[in-house]
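Trainee: Please read through the structure below; I'll follow up with questions.
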Amino acid sequence: MMAVRAVNGGSLFRTAASPPLLTFGCRFRQFSSLPFRRNTELGLRFPFFCCGNQFLGYGGGLSRSVHSLVDCVMEELTAWRSRRRIRATVKLTTSGELLEDKLVNQEIEKGLLLEFKKDSDRVLLGVAQRPDGKKNWMVYDQNGVTSSIRPQQITYIVPGVENFDHAEISKFLQKAQENLDPTLLEIAWVELLEKNASVTAEELAEMIFGSSEPLASYCAHLLLSKDEVYFTVLATKGSRTIYGPRPTGQVEELLHKKLAKDAAEKELQDFVQLIVSAKAKPALAKPPKSSWMVDEKIQYKIESLEAYAIDACKSDEQRKTAGMILKAMGLTKTASSALNLLINIGYFPVHVNLDLLKLNILTDHSDEIIAAAESLLSDSSDSDEMNREDLTHLKVYAIDVDEADELDDALSATKLQDGRMKIWIHVADPARYVEPGSMVDREALRRGTSVFLPTGTYPMFPEKLAMEGMSLKQGELCNAVSVSVILHSDGSIAEYSVQNSIIKPTYMLTYESATELLHLNLEEEAELKILSEAAALRLKWRRQQGAIDTSTLEARIKVVNPEDLEPSINLYVENQADPAMRLVSEMMILCGEVVATFGSCNNIPLPYRGQPQSNIDVSAYSHLPEGPVRSSAIVRIMRAAEIDFRKPIRHGVLGLPGYVQFTSPIRRYLDLLAHYQVKAFLKGETPPFSAGQLEGMASIVNMQVRVVRKLSASSLRYWIIEFLRRQPREKKYRALILRFIKDRIAALFVVEVGLQASAWVSIGSQVGDEVEVQVEEAHPRDDVLYLKEVLRN
């Protein structure tokens, strides 16, 4: 009954509209889609053929009663079956006979029509032209190409053909394709399974077409060679192959797999249609990303493409799925093809940050973490309330970049009666909300740091907790940990204290506005002037202790609406030697020295940072101009930083006996660890973490920090190159020669954009010289920037 199931759904033989199979000298009958009727004598259902010389398919033109039609057809069927039994008796090879009798290989001769493997994916039809050496033959194929093939490449020689005209190959192929119907195989399979007999292509052609002439034989060969269900190869010798029917159970299993495969192919085609439709829509009409997530199967396919685009496939199946989609779209199986396709359908924005996806950076907090954070915000209790020093009488300056969301630190200053300067570094107190080992703390540990990119910020803590609870806010009472320092006249530390406090920030200033206030030298802002004087004093003292100045120019970019086709790019180049930036950095370094001293005196395990420098002779670089050129040369020979968790170690670059990063606990987890340790000591409690525990957590954090630094650097570079790409081609830029890479190829620092690049420079140029360059090519996606020196007259 399997034959019944397979053939009921469609035509067994070709339609009446198909051209007759008599072309190429083949004496085939013309078949049509016909109704079926059970013949109790035959025991199977077969299609109606023809009665006498009249065609009896739909639209055949004969007018007669249904009964006369049936009688006529059944007579024809009986006669046809009888003839087929006679042929089968003569030709079918049963299991008791030798297969070798059928494996007589045909010699290759000029003019033969043969099928051969061009490569692993293509099988072509061609005409043998002439021998090529001892064994090979030159063949003219269906594509009009003449090539040499080996005998092993030949998969079938079409029988009964002599001197075939190669111009007719395409027509022959078309005829063959028009007459292929895989359902014919099921009838033959039933017959051959009953007899336990094997079959060749020619024998199958006799069974299903009533002829073994060239076209019929080739059609039968195609059906057998492409079949994956009913027949299996029993033996092959050269171009001759014998097939045998598979057992019923195996066929049922293969049919089940084929149905599943067909369903999967249908799903794939439906998905491809969605892709084609989305691709054709204008930019503003593209389907939103969320629309691809509604259906699970569609979501799996689009996520497979995404994984392929960022080289992050989780399984071979995912990689295979993406490959099939790309192939169906006529694209090469490459990550860039997948990326461009996802951009073209609107799933990715044009400027999608691939590194952000590849590095698996956490960008959102889970609902569970957000709920836990909001619960912390609603709790007004403060375990340090009784021990907080009220410093609200101080004028407090918070200085940061203009787009800063998390404000960790602020500054105050005054002059004592003896003329010495007293400085306060106020640091936000996130440990007021978060306890070590809590859910929110563990999430912060996992992230390690906030992520600052040109396109946005991804905070270490949930945004509401960081901004509303932890961050310092102008004009509001804020909990803080305040480090106060009294300086000697030479800039060294005379006295210090570390305490929990309450402050009320007075000003929130950008670096630009703080620098402007310093230049104005206003009497009412005397505290800001004291801070500037203290910073200059500290820098002088640190240099006397061996500190190395590595200040340079640094680019900062803010991208507005990054998902637009042409987002707005705001680029700033900051000079780290700028008065306001120098002021803030010196005060942060001062705070780090105090905390290291405090920790050392009280045996508190902390992440003590150091950077050992052995015999760096800064004077050897004095001939280089200060700024990017000199800093670049010095940084290249510096040794890597180190961390000790038991005692301070010298920080040679900063010129300090010890240093602890303490001023960014909302942004950096190691700073938060230092807060946990110090605040526990201030309460009279044992610090929550031993040196060994700190070391273990620091190793986790530092791995993540390295990843984030790589992401930040690549993202900044991408947008600088995109910025340059948009500028007029004739625009010129100042560039400083940092060093020579090879011959006249130099590493340059492009001053206007704060970017390092390379270019050929003219003979006579030296390290430290300034040259003019133009941008020849800029491709941010490929990290390509070609500069050309503009030769001066």
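The values are calculated or read from the model by the stated rules, or taken from the named source; none is laboratory data. Treat the numbers as computed from the prediction; the structure is a model and nothing was measured. All Cβ positions, glycine included, derive from the backbone under ideal geometry; neighbour counts span all protein chains shown. Ligands, DNA and RNA are excluded from the accessible area calculation, which covers all protein heavy atoms including side chains. Shrake-Rupley method; radii C 1.70, N 1.55, O 1.52, S 1.80 Å.
Trainee: Could you list, in sequence order, the residues of segment 398-414 that are open to solvent by less than 10 Å² (accessible area, probe 1.4 Å) and either touching a Cys at 6+ places or on another chain (Cβ under 9 Å) or not assigned by the TED database to the domain that holds Ser690 (or both)?
Mentor: Ala410
Trainee: Sticking with this one: Can you confirm whether segment 547-558 contains a residue that is closer than 19 Å to Ile425 by Cβ, in contact with a Ser or Thr (Cβ under 6 Å, 6 or more places away or on another chain) and not polar (S, T, N, Q)?
Mentor: Looking for residues that are closer than 19 Å to Ile425 by Cβ, in contact with a Ser or Thr (Cβ under 6 Å, 6 or more places away or on another chain) and not polar (S, T, N, Q), one finds none in segment 547-558, hence no.
Trainee: Of the residues that make up segment 340-361, is at least one charged (D, E, K, R), farther than 30 Å from Ile502 by Cβ and assigned by the TED database to the domain that holds Ala283?
Mentor: No: zero hits.
Trainee: Same structure again: Determine which member of the set Gln704, Gln677 is assigned to a helix (DSSP H, G or I), in the same structural domain as Asp429 (by the TED database) and under 24 Å from the mean Cα position of the chain (by Cα).
Mentor: Of Gln704, Gln677, the one residue that is assigned to a helix (DSSP H, G or I), in the same structural domain as Asp429 (by the TED database) and under 24 Å from the mean Cα position of the chain (by Cα) is Gln704.
Trainee: Take the residues of segment 103-112 that are touching a residue at least 12 places away in the same chain (Cβ under 8 Å) and within 19 Å of Thr236 (Cα to Cα): which is surrounded by the most Cβ atoms within 10 Å (Cβ to Cβ)?
Mentor: Step by step, filter segment 103-112, then rank; the result is Ile108.
Trainee: Take the residues in segment 647-674 that are among the charged types (D, E, K, R) and not in a loop (DSSP other than H, G, I, E, B); name whichever of them is surrounded by the most Cβ atoms within 10 Å (Cβ to Cβ).
Mentor: Here the residue is Asp671.
Quick grid of which residues meet (1) free of Cβ contacts under 8 Å to residues at least 24 places away in the same chain; (2) over 30 Å from Ile557 (Cα atoms); (3) not small (Gly, Ala, Ser):
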{"position": "Ile399", "(1), (2), (3)": "no, no, yes"}
{"position": "Ala413", "(1), (2), (3)": "no, yes, no"}
{"position": "Asp418", "(1), (2), (3)": "yes, yes, yes"}
{"position": "Lys422", "(1), (2), (3)": "no, yes, yes"}
{"position": "Arg446", "(1), (2), (3)": "no, no, yes"}
{"position": "Val451", "(1), (2), (3)": "no, no, yes"}
{"position": "Pro454", "(1), (2), (3)": "no, no, yes"}
{"position": "Pro459", "(1), (2), (3)": "no, no, yes"}
{"position": "Ala466", "(1), (2), (3)": "no, no, no"}
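Trainee: Within segment 605-615, is even one residue among the charged types (D, E, K, R) and at pLDDT 95 or above?
Mentor: Scanning segment 605-615, I find at least one residue that is among the charged types (D, E, K, R) and at pLDDT 95 or above, so the answer is yes.
Trainee: Hey, which of the strands (runs of 3 or more DSSP E) in segment 415-531, taking only ones fully inside, have at least 1 residues that are assigned by the TED database to the domain that holds Val660 and acidic (Asp, Glu)?
Mentor: 493-503
Trainee: Answer yes if at least one residue in segment 261-279 is among the aromatic types (Phe, Trp, Tyr) and outside the structural domain of Pro151 (by the TED database), and no otherwise.
Mentor: Checked segment 261-279: at least one residue is among the aromatic types (Phe, Trp, Tyr) and outside the structural domain of Pro151 (by the TED database).
Trainee: Here is a further query. Determine, yes or no, whether Arg630 is out of contact with any helix residue (DSSP H, G or I) (no Cβ under 6 Å at 6 or more places or on another chain), farther than 22 Å from Thr510 by Cα and open to solvent by 20 Å² or more (accessible area, probe 1.4 Å).
Mentor: no
Trainee: Return yes or no: is Glu178 under 28 Å from Val229 (Cα atoms), at pLDDT 95 or above and either among the acidic types (Asp, Glu) or touching a Cys at 6+ places or on another chain (Cβ under 6 Å) (or both)?
Mentor: No, not satisfied.
To keep it simple, each residue is scored yes or no on (1) open to solvent by 60 Å² or more (accessible area, probe 1.4 Å); (2) in contact with a Cys (Cβ under 7 Å, 6 or more places away or on another chain); (3) modelled with pLDDT of 95 or more.
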{"residue": "Ala220", "(1), (2), (3)": "no, no, yes"}
{"residue": "Thr232", "(1), (2), (3)": "no, no, yes"}
{"residue": "Leu259", "(1), (2), (3)": "yes, no, no"}
{"residue": "Ala263", "(1), (2), (3)": "no, no, no"}
{"residue": "Val272", "(1), (2), (3)": "no, no, yes"}
{"residue": "Asp311", "(1), (2), (3)": "yes, no, no"}
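Trainee: Given the criterion outside the structural domain of Asp782 (by the TED database), without any contact (Cβ under 8 Å) to a residue 24 or more places away in the chain and not in a helix (DSSP H, G or I), identify the matching residue among Thr332, Thr321.
Mentor: Every option except Thr332 fails the conditions.
For (1) within 23 Å of Gln106 (Cβ to Cβ); (2) touching a Cys at 6+ places or on another chain (Cβ under 8 Å); (3) open to solvent by less than 20 Å² (accessible area, probe 1.4 Å), each residue gets a yes or a no:
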{"position": "Gln152", "(1), (2), (3)": "yes, no, no"}
{"position": "Gly160", "(1), (2), (3)": "yes, no, no"}
{"position": "Trp189", "(1), (2), (3)": "no, no, yes"}
{"position": "Leu193", "(1), (2), (3)": "no, no, no"}
{"position": "Asn196", "(1), (2), (3)": "no, no, no"}
{"position": "Thr200", "(1), (2), (3)": "yes, no, yes"}
{"position": "Asp227", "(1), (2), (3)": "yes, no, no"}
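Trainee: Would you pick out the residues in segment 681-731 that are in contact with a His (Cβ under 9 Å, 6 or more places away or on another chain) and either of a type in the set (D, E, K, R) or free of Cβ contacts under 8 Å to residues at least 60 places away in the same chain (or both)?
Mentor: Of everything in segment 681-731, those that are in contact with a His (Cβ under 9 Å, 6 or more places away or on another chain) and either of a type in the set (D, E, K, R) or free of Cβ contacts under 8 Å to residues at least 60 places away in the same chain (or both) turn out to be Glu722, Arg725.
Trainee: Hey, can you tell me all the residues within segment 356-393 that are outside any loop (DSSP other than H, G, I, E, B) and open to solvent by less than 50 Å² (accessible area, probe 1.4 Å)?
Mentor: Hits for segment 356-393 are Leu356, Ile369, Ala372, Ala373, Leu376, Leu377.
For every residue, the table says whether it meets (1) buried (at least 20 other Cβ atoms within 10 Å of the Cβ); (2) farther than 22 Å from Tyr397 by Cβ; (3) touching a Lys or Arg at 6+ places or on another chain (Cβ under 6 Å).
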position: Leu445; (1), (2), (3): no, yes, no
position: Thr449; (1), (2), (3): yes, yes, yes
position: Pro459; (1), (2), (3): yes, yes, no
position: Pro462; (1), (2), (3): yes, yes, no
position: Met467; (1), (2), (3): no, no, no
position: Cys478; (1), (2), (3): yes, no, no
position: Val481; (1), (2), (3): yes, no, no
position: Ser497; (1), (2), (3): no, no, no
position: Ile502; (1), (2), (3): no, no, yes
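Trainee: Identify all residues within segment 561-583 that are under 26 Å from Gln756 (Cα atoms) and part of a helix (DSSP H, G or I); write none if there are none.
Mentor: Answer for segment 561-583, where residues must be under 26 Å from Gln756 (Cα atoms) and part of a helix (DSSP H, G or I): Pro579, Ala580, Met581, Arg582.
Trainee: Answer with yes or no whether Val233 is at negative phi and in contact with a Gly (Cβ under 9 Å, 6 or more places away or on another chain).
Mentor: Yes: the conditions hold for Val233.
Trainee: For residues that are among the charged types (D, E, K, R), part of a loop (DSSP other than H, G, I, E, B) and farther than 13 Å from Glu109 by Cα, scanning just segment 120-146, find the one that is least open to solvent (accessible area, probe 1.4 Å).
Mentor: Arg122
Trainee: Looking at Ile741, Ile737, which is the one that is outside the structural domain of Val483 (by the TED database), among the aliphatic types (A, V, I, L, M), open to solvent by 60 Å² or more (accessible area, probe 1.4 Å) and outside any helix (DSSP H, G or I)?
Mentor: Ile741 is the lone residue from the list that is outside the structural domain of Val483 (by the TED database), among the aliphatic types (A, V, I, L, M), open to solvent by 60 Å² or more (accessible area, probe 1.4 Å) and outside any helix (DSSP H, G or I).
Trainee: Among helices (runs of 4 or more DSSP H) lying entirely in segment 164-260, which contain 2 or more residues that are over 26 Å from Leu103 (Cβ atoms)?
Mentor: 169-178
Trainee: On the given criteria, is Val276 under 24 Å from the mean Cα position of the chain (by Cα), of a type outside the set (Asp, Glu) and part of a helix (DSSP H, G or I)?
Mentor: yes
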